[in-house]
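Before any comments, here is the structure.
The values are calculated or read from the model by the stated rules, or taken from the named source; none is laboratory data. Note that this is a predicted model, so its numbers are computed, not measured. Glycine also receives a Cβ, built like all others from the backbone with ideal geometry; neighbour counts cover every protein chain displayed.
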Amino acid sequence: MNLFRSVKIFLLLATRFSIKKIRLANNLAEAVAKADTNKFNMNKHLHRILIILIFISVSAAAYLFSTPKNNTTPLLINTSTTPQVKIEELKPATLEENKAKKTEDSVPTTPTTLSVVTGTLSVPPTSTTPTETIPVKFKITDKEYEINIKPGASAYEAMDTLRKSNQISFSTKVFSGLGQFVEEVDGIKNSPSTGFYWTFYINNQEAKVGISNYTIKPNDLITWKYENK
């Protein structure tokens, strides 16, 4: 009886121990499975991060290789035939200016030509004409003088031209409202005591104005006479 009880107790203890061992093994198995699951999930996340890093690296490398190393300006060549303009490595700031010059060169202009290829400017010779003058003749007592003066000159300016060339000498006096009146010619002065005065004639007609108020006309004859008035 005691033996039977002892066996029964032993079996009961063995059963309990076995159940604990089974539970422990089951818990260990669950822990190992959970650890494997976490490890798998971790590896999965690591793989994703690695793929993202590889994608970023490849994108950066592709961008660096696709970017030009030197910031160079493309060579532009104008293929138009008229006018022939040779454009070499223009900067962006000057490209619009050269287009404007090209447009101006294509418009018909005067005979002045601009060569863009050679950089030379050829201007046709311009004919210069001498300053226009008009002839006038002076007669003072028994001497005659012929000169050319600018249009619009007065009789006084014509006589002053003769004086500056040392052909005659004279002096004048200014009267208000009347202008210049001759007082002396070649050393001979007006003489109120004798009544002799210098009088000038325009084309053999006695002048009614002073010499500074008369405008010379082409081929005028100015005559000076020293006579009794």
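Considering only residues in the stretch 166-204 that are of a type in the set (Val, Ile, Thr) and either touching a Phe, Trp or Tyr at 6+ places or on another chain (Cβ under 6 Å) or modelled with pLDDT of 90 or more (or both), the one that is farthest from Thr215 (Cα to Cα) turns out to be Thr194. So Val174 passes all but one of these: (1) within 54 Å of the chain's Cα centre (by Cα); (2) at negative phi. Which condition number does it fail? For Val174, the exception is condition (1). Assessment of the stretch 206-215 against the conditions (assigned to a strand (DSSP E or B), of a type in the set (D, E, K, R), surrounded by 14 or more Cβ atoms within 10 Å (Cβ to Cβ) and out of contact with any helix residue (DSSP H, G or I) (no Cβ under 7 Å at 6 or more places or on another chain)) yields no matching residue. If only residues of the stretch 177-201 that are in a loop (DSSP other than H, G, I, E, B) and on the phi > 0 side of the Ramachandran plot are counted, the one that is surrounded by the most Cβ atoms within 10 Å (Cβ to Cβ) is Asp186. Those residues that are in contact with a Ser or Thr (Cβ under 6 Å, 6 or more places away or on another chain) and under 23 Å from Gly152 (Cβ atoms), I need them from the stretch 182-213; list them, please. Result: Val182, Tyr201, Ser212.
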